[in-house]
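Throughout, read-outs are computed from the coordinates displayed, never taken from laboratory work. Here the structure is a predicted model, which means the values were calculated and not measured. FYI the Cβ positions are ideal-geometry reconstructions off the backbone, even for glycines, and counts take in every protein chain you see.
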């Protein structure tokens with residue numbers, strides 16, 4: 001969607017009724033889903049692995065806020081995203 005990071009760690013992946021960015025994954029479970037991080041972290045040198053990495057999936061790519069379902073994980077070695085390995089339906 002954009003390079004807007006929400007406090008929950010996900011890149012903004014939707015908008016509310018007032019066109020404000022939100023994380024629809026975390027919406028309703030944490031107020032962080034509505035809070036925009038003011039200064040995005042530098043992702044240089046960081047890698048993201050598909051959420052299903054290690055089983056059927058071996059997808060690893062440079063971290064990028066525009067990856068599908070991107071989740072910045074500063075407390076872990078890898079960020080997460082979804083590569084589409086189980087389809088998009």
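Quick one: go through region 61-89 and flag any residue whose amide nitrogen is under 17 Å from the point 7 Å out along the Cα-to-Cβ line of residue 30. Under 17 Å, as judged by backbone N against the label point of residue 30, lie 69-82 of region 61-89.
Counting every other Cβ atom within 10 Å of each residue's Cβ, 86, 72 order from fewest to most as 86, 72. Of all beta bridges that DSSP places with both ends in the chain, some 70 percent have antiparallel geometry.
The simple Förster model, with R0 at 22 Å and r as the Cβ-Cβ distance, assigns residue 19 and residue 88 a FRET efficiency of 0.35.
If you average over every viewing direction, what projected area does the convex hull of the Cα atoms of the chain give, in nm²? Its Cα hull, projected and averaged over all orientations, spans 6.3 nm². Among 46, 34, 76, the residue with the largest mean-square fluctuation in a Gaussian network model of the chain, with springs joining Cα atoms closer than 10 Å, is 76. Taking the number of Cβ atoms within 10 Å of each Cβ as an exposure proxy, the fewest-first ranking of 62, 39, 32 is 39, 62, 32.
When only Cα pairs below 8 angstrom with a gap of at least 6 residues are kept, the chain shows a relative contact order of 26 percent.
Between residue 7 and residue 39, the contour length at 0.36 nm per residue exceeds the alpha carbon distance by 10.4 nm.
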